[in-house]
Amino acid sequence: MSDLEAPKRPSVFERKDIKQTVYFWVVFTAIIGYAAAELQARSMGVSASETMSTTIHMMRVFTWVAAPIAGLVAAMAMTTLISKIHFGDTPPEEADHQIRNATKLSATWLIVSSVLCLFAVVWGTVVLQKDNAALLNPQAMNVNVTGQQWAWNFDYIDNGTVRSQDLYLPVNKPVVFHITSKDVIHGFWIVQMGIKVDANPGYTTETSATPNKIGIYDLRCAELCGLYHAFMQTKVHVVSQADYDAWIKSQGGQA
Amino acid sequence: MTTMMDRPAATPGHSAPKKALIERLNIFTAFALGIIGAIVFYYVAKAILPANTDGSYIKSNNDQYVIFSMIGWFIGFMTGIGALIGPFRWLLGKDLNHDENMFYAGKDQGVKRYFRYTTDHKVVGIQYLVLTMIIFFVGGVLAMLIRTNLGHAGGGWLQPQTYNAIVGTHGIIMIVGTIIMITGPFGNFIMPIMIGARDMAFPRLNALSLWLIIAAVPCILSSFFLGGISTGWVAYNPLASQAPAGMDGYIMFICIFALSTMVAGANITTTVIKMRAKGMTWNRTPIFIYGVVASVALALPAFPVFFLSQVMSGMDRAAGSTFYNTMGGGSGWLYENLFWIMGHPEVYVILIPGVAALMEMAPVFTRRPLFSFNLAIMGIAGISGLSILVWAHHMYTTGWAPLLNGPFMLTTELISIPTGLLFLVLIGTLWRGRLWMTMPTASIYALLWNFMIGGITGIYLSDVPVDGALHGSMYVTAHFHYTLMGAGLTGALASLVYWFPKMTGRMFDKTLSWIGFWFVQIGFNIAFISMFFVGLAGQPRRVEAYAAMFSRGNMITTGGAYLIMAGMLVLLYGVISSWTGGVKAPMNPWFAKTLEWSVPNPVPLENFDVLPVVTSDAYGYGKAQS
Ligand SMILES: [Cu+2]
């Protein structure tokens, strides 16, 4: 052995900064993933439809998929922060290298981010198709929605001429909303059902949901529509089929 | 033949030579002529326009008078500042002579040159800096009014009409402020020196772009006295056609601002392409230059559309057209499309320069080369290219063309790939560097944090089904504040501290920069993280009152907003005190390698005695390994 030979470089995983980073990575991924997924899902509140449950589930999964990326950036940042930091008015010594590239790392980064992106697109498209198909469901009941400054009106066209300002829906029955506006653009949004589409003057837009839980929910306007936009909200009453029929009759319609 | 603009020879009999016209014009003559122009146009409009006839789509004559007055203001102001002298000379077949050009460049005029139509890019840069600070001050005061009003549930002390006007004005004025916050001050002052040029390619266009914005700002501020912009910053039709005359102020503001952006975009792009120093090949051009060019070049396709959308909106209001009126065969969806064809590139117009500026600083403060310069360029180019193909993700829930939601979801989510490259470049540069901790260094970390949150929440929103739950809620508001403010503004504040020594000749007070940094960043995260949660729970955007369940989240946001305000005021104080009495800066306080640090303080009129020749890129930090 010649003593001119350079000392053997430690393998990548023996290096102290790499070890630290891996440790932080695991910890941060867990913290970020759990905190972001749980806190976000919890604050989305009760779900009153499958659409909303799917949305909450998607948020959870997206968060867990993104957490390792965020965790890695955070871990690398943390490792640089606990190494020697120089304060002062003149610069520290130059770094001990002039590395400008790391091809393998960059390629891995590019491939991983592309795969994750593809995953999000594909899953999103699948769910989207399901939501679109629901609009064509022949079993669904129909409700016409009319927005105007600053109130909502609901016409139960399958039940004769019944009109209300609170929305009544039977549980577990698919419903398609046909939405329009009398004046400006409003946003028809049933918060706990996770559905939203604008009410446009002169056009009819559609969205659908299947309420799956009896209760009282919030319907809010999601598009700034003038002076009392903040107060353009009403309640959605999801009731049993029998209660719904009784309510329709009390309003003069046919169940 | 002499023209009125020619400098007359000193005539005997006068004690002093008469001042030539171009020496008399300044901001005061501009305001005076602008006001006169507005009054004249108002009365002309009143005299010649037919009174409103029933049955037409014109709401009232007011809109016509307001638009005419503002056009009068605009023409008067631009004449009064001297913007027309050059073109007028051309009409007469002459051009400015050398003395006049030197006068235009601001030679030997001291402070006065800052109040004139001065062409020196450094003067324009300083003017932009002050203008940006004024805009942020106004927008910030409005933000504090909004947050104060939302401090507790059930509506605050502002009338709904006032509240809506404040929200709209805060939105649009901050968008404009953030669009110019980096390419204005630093793109004008620093960029030409950084590429080794003596000035911009078109110095007079440079002055023009600045004074156009100054002409535009009174239009938006006047809207407060005309009923306000009660439509949010997007000014969707038909709500906008219903709005009071304040809307006309918005329309004129956008039209003039769009002109300015187009002029600046053409000018900066040409400068970078044609005027780089000898030897500065594209792979030796600093990354900040790429950021600035990507930003202004994106504005080139985007802002003409914005201009057009507002011209059509103005015609609907004042001339009886029905582009956006369903009753007359138009469509509000047309407006939404035009608006977002501008509006989505525009967010990257804001974001890219902020990230690029921090990429420029990262090697300086880690004393090692920028990691993967090529990926940085690919990231910037990829974002710019994709950003013109994603506009309709703002329209998933409008009901317009549901079949297109899938394709737009694809293009939108693809943006996460080039965006990821920007993260890789920044974190790769920090990795194994020698960290020199300054306020700009800390800003790199802040950007990584904020932009990560802004980016990932953007991925949720880009997913059509999730957007069905979150669109139009406070979640969206928090998301874009994370990108535009958490990432963009963080980059701009770091740029301010970093380039302050070159622009003012003095160091930015270190303590104040740190205090400001922490107040802004902590306040920002408190304010907007809690805003995510009220959004998730179902609080809509742009509401002046909300259900009691959102009280706690809103109170926390308001508290955070006050911290941001404190931080921004500290930074403002830092600018004023450092500028007037700060420590004199050495030529190259950061020991950086880009060209702007190779010229003395204050930077001489044409920057370089001898134009530099570039032989390597600016990132050769670190000890070469043998
Ligand atoms: Cu509404």
Seminar exercise, completed: Amide H proximity to B:Val583 below 5 Å, modelled H, separation 5+ or other chain, gives B:Met507
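If you roll a 1.4 Å probe over the protein assembly as shown with all protein chains in place, what percent of the accessible area is carbon or sulfur? Each step should come with its number before you reach the end.
On the way: 23220 of 34300 Å².
Percent of accessible area from carbon and sulfur atoms in the protein assembly as shown: 68.
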Exercise. When you look at the Cβ of every residue in B:503-511, what mean number of other chain Cβ atoms sits within 10 Å?
Worked result: 0
Problem set entry | Whole-Å distance, taken between Cα centres, linking the range B:59-102 and the range A:96-112 | 53
Problem set entry | Approximate shape of the protein assembly as shown as ellipsoid semi-axes (Cα gyration tensor, √5λ), whole Å, largest first | 47, 40, 21
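Can you give the convex hull volume of the alpha carbon atoms of the range A:137-250 per residue, in Å³? Present the calculation step by step, with values, prior to reporting the outcome.
Details: hull volume 10.7 nm³, N = 114.
Each residue corresponds to 94 Å³ of Cα convex hull volume.
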Exercise. Sorted by average packing, counted as other Cβ atoms within 10 angstrom per residue and highest first, what order do A:217-227, B:140-150 take?
Worked result: A:217-227, B:140-150
Seminar exercise, completed: Heavy-atom accessible surface buried between B and A, both sides counted, 1.4 angstrom probe, nearest 100 Å², is 7700
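Given a Förster distance of 51 Å, report the FRET efficiency between B:Met555 and B:Leu91 from their Cβ-Cβ distance, rounded to the nearest 0.05. Kindly include the intermediate steps, with their values, before the conclusion.
Values: r = 62 Å, r/R0 = 1.21.
E between B:Met555 and B:Leu91, to the nearest 0.05, is 0.25.
Report relative contact order for chain B in percent, whole number only (criteria: Cα-Cα under 8 Å, sequence separation at least 6). Show your work: numbers first, answer last.
On the way: 1054 pairs, mean separation 91.0, N = 626.
Once normalised by length, the contact order is 15 percent.
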Exercise. Over the Cα atoms of the range B:190-256, Rg to Rh with Kirkwood Rh, two decimal places?
Worked result: 1.23
Seminar exercise, completed: Summing -39500 (n - 2.57) over every DSSP H run of at least 4 in chain A, dividing by its residue total and rounding to the nearest 500, the 222 nm mean residue ellipticity is -14500 deg cm²/dmol
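Can you give the Rg/Rh ratio of chain A, where Rg is from the C-alpha atoms and Rh is the Kirkwood radius? Could the numbers behind the result be given before it?
Details: Rg = 27.9 Å, Rh = 22.9 Å.
With Rg and the Kirkwood Rh in hand, the quotient comes to 1.22.
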Seminar exercise, completed: Neighbours of B:Phe288 by Cβ distance under 11 Å: Lys/Arg at +1, Asp/Glu at -1, summed charge -2
Exercise. How big is the Kirkwood radius of the range B:318-382, worked out from every pair of different alpha carbons and given in Å to one decimal?
Worked result: 15.3
Problem set entry | Cα-based reach from B:Lys623 at 17 Å (exclusive), listing aspartates and glutamates while leaving out same-chain residues under 8 positions away | A:Glu93, A:Glu94, A:Asp96
Problem set entry | For A:His178, distant residues with modelled amide H under 5 Å away | A:Val143, A:Asn144, A:Val145
Exercise. By a straight-distance test (C-alpha under 18 Å), which aspartates and glutamates pair with B:Lys112 as possible cross-link partners, with residues fewer than eight away in the same chain excluded?
Worked result: B:Glu23, B:Asp99, B:Glu100, B:Asp120
Exercise. Given labels modelled 7 Å from the Cα in the Cβ direction, how far is it in nm from A:Thr103 to A:Phe13?
Worked result: 2.5
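Which entries of B:Lys94/B:Lys584; B:Lys94/B:Lys274; B:Lys122/B:Lys510; A:Lys104/B:Lys274 have Cα-Cα distances beyond 32 Å here?
Numbers: B:Lys94/B:Lys584 44 Å; B:Lys94/B:Lys274 26 Å; B:Lys122/B:Lys510 24 Å; A:Lys104/B:Lys274 36 Å.
Among B:Lys94/B:Lys584; B:Lys94/B:Lys274; B:Lys122/B:Lys510; A:Lys104/B:Lys274, the Cα-Cα distance tops 32 Å for B:Lys94/B:Lys584; A:Lys104/B:Lys274.
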Seminar exercise, completed: Per-residue average of other protein chain Cβ atoms inside 10 Å, peptide B:413-420 -> 5
For this session: Any chance you could list the semi-axes, whole Å, largest first, of the equivalent ellipsoid that the Cα gyration tensor gives for the range B:461-551, using √(5λ)?
Result: 35, 15, 9
Exercise. Any idea what the alpha-carbon Rg over 2.2 N^0.38 Å comes to for the range B:122-598?
Worked result: 0.94
For this session: Name the residues whose placed amide hydrogens come within less than 5 Å of the amide hydrogen of B:Arg116, ignoring near sequence neighbours (fewer than 5 apart) on the same chain.
Result: none
Problem set entry | Centre separation in Å (Cα based) which lies between the range B:225-301 and the range B:483-531 | 23
For this session: Specify the inter-centroid distance of the range A:184-214 and the range B:119-150, based on alpha-carbon positions, in whole Å.
Result: 39
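Find, to one decimal place in angstroms, the Kirkwood hydrodynamic radius of the range B:138-222, where the mean of 1/r is taken over every pair of different Cα atoms and then inverted.
Numbers: mean 1/r = 0.0652 Å⁻¹.
For the range B:138-222, inverting the mean 1/r across all distinct Cα pairs yields 15.3 Å.
Near B:Tyr460, within a Cβ-to-Cβ distance under 14 Å, what is the net charge of the other residues, with Lys and Arg +1 and Asp and Glu -1? Don't jump to the answer; show the numbers that get you there.
Numbers: positive: A:Arg60; negative: B:Glu413, B:Asp463, B:Asp467.
Counting the neighbours of B:Tyr460, the net charge comes to -2.
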Seminar exercise, completed: Around B:Thr411 (Cβ within 15 Å, Cβ-to-Cβ, excluding B:Thr411; K/R +1, D/E -1) the net charge comes to -3
For this session: Could you provide, to the nearest whole Å², the per residue accessible area of the protein assembly as shown with probe 1.4 Å?
Result: 39
Exercise. Taking the radius of gyration and the Kirkwood hydrodynamic radius from Cα positions alone, what is the Rg/Rh ratio for the range A:61-181, to two decimal places?
Worked result: 1.33
Problem set entry | Average other protein chain Cβ within 10 Å of Cβ, residues B:366-379 | 4
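The values are calculated or read from the model by the stated rules, or taken from the named source; none is laboratory data. Note that the structure is predicted; figures quoted are calculated from it, not measured. FYI the Cβ positions are ideal-geometry reconstructions off the backbone, even for glycines, and counts take in every protein chain you see. With ligands, DNA and RNA removed, areas are computed over all heavy atoms of the protein, side chains included. Shrake-Rupley method; radii C 1.70, N 1.55, O 1.52, S 1.80 Å.
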